[in-house]
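For reference, the structure discussed in these notes is given below.
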Amino acid sequence: MSEATISTAGPDEVLMLFGPRDQHVRKLRRLFGVDITHRDGRVRVAGEESKVGAAARVLERLRVIARKKNELSVGDVETAATEEGAVVESGRPARPSSETINIQHAGRKITPRTPGQAKYVDAIRTHDLTFATGPAGCGKTYLAVATAVEAYKAGEVRKIVLVRPAVEAGESLGFLPGDLRAKLNPYLRPLMDALGEMVDYDQARGLMEQDLIEIIPLAYMRGRTLNDAFIILDEAQNTTVAQMKMFLTRMGERSKMVVSGDATQLDLPRGVRSGLHDALYRLSKIDGVSVIRLGTHDIVRHRLVQAIVEAYEASERREDHNGRPDSSTDGSH
């Protein structure tokens, strides 16, 4: 264990170095894996010797910048960290895929269980916009919600927004009794189930009452701009092109989005193009956008789920080979 100290000119300089809600120092802690604290006019850095040295040099550089500009931006912090060898992409620190997702709930640990899942978690952590496609059971929703909870508890975002299109899965539910929440519950239940495994019920209810966690249908996103938020769109294959464009343009400053869906489970009317397919075609080559394609080998549900998915995929490939139109191009079934 090594330690370094840096003198400061006073409380105002400390506030600039640490940033609003300590966001600058939190970023440096995550990037370099060190502990950074302040006491009696000095900033203390503790950890492995090589990492302490790098983090201390970054803080010294930032102190000089702060004195010249009388302010520090996130860009200043990222530039200084990059010069010391830290990997910063899209404003987010990179963390190893083997690292457990820290949700701090009842001692539970969530760790990616396949190489594909590890790549997915890394993409979420290091990109502001991540698309994920794959079959049922491969962890698209679960891991996205886990990383959202982790980011919220680490103070990286101020709220979590979980979104789903209200599209019926091939059958009419008819008239649903109750208030609006009761009517929407069947559509939003999968997101609530995932969240319920990571946050205590009373805590989740309190956060939802404060609008720090929102679980809403896609239509409710129109006209909003979300800053400092972790936003997840589930079942994205059931969005239209217009809906997807509307959703993606809700992203505000310091926000992160994850868009997930299963291209084989379209519930849109025949002939309507999927917004997920369209977005992957248009946006996959944009710098800062990550596209992860999970497969049957990433399924971690009951052992039969993988066999079921593979059987359906094999049957569909045979039908496509015999002349059936490919549903992935036009949204048909």
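The values are calculated or read from the model by the stated rules, or taken from the named source; none is laboratory data. Small disclaimer: the values here were computed from a predicted structure and weren't measured. Here the Cβ positions follow ideal geometry from the backbone for every residue, glycine too, while neighbour counts run over all protein chains shown.
Report yes if some residue within the range 32-48 is touching a helix residue (DSSP H, G or I) at 6+ places or on another chain (Cβ under 6 Å) and hydroxyl-bearing (Ser, Thr, Tyr); otherwise report no.
No; the residues of the range 32-48 include none that is touching a helix residue (DSSP H, G or I) at 6+ places or on another chain (Cβ under 6 Å) and hydroxyl-bearing (Ser, Thr, Tyr).
So Ala136 ticks every box in (1) assigned to a loop (DSSP other than H, G, I, E, B); (2) under 23 Å from His24 (Cβ atoms) but one. Which box is left unticked?
If we test Ala136 against (1) assigned to a loop (DSSP other than H, G, I, E, B); (2) under 23 Å from His24 (Cβ atoms), just (2) comes out false.
Condition check ((1) under 18 Å from the mean Cα position of the chain (by Cα); (2) in a helix (DSSP H, G or I); (3) at pLDDT below 90) across all residues:
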position: Ala242; (1), (2), (3): no, yes, no
position: Ser260; (1), (2), (3): yes, no, no
position: Val272; (1), (2), (3): no, no, no
position: Asp278; (1), (2), (3): no, yes, no
position: Val300; (1), (2), (3): no, no, yes
position: Leu304; (1), (2), (3): no, yes, yes
position: Ser315; (1), (2), (3): no, yes, yes
position: Arg324; (1), (2), (3): no, no, yes
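I need the full set of residues from the range 1-23 which are more than 12 Å from Val52 (Cα to Cα) and either touching a Ser or Thr at 6+ places or on another chain (Cβ under 9 Å) or among the small types (Gly, Ala, Ser) (or both), in order please.
Ser7, Ala9, Gly10, Val14, Leu17, Gly19
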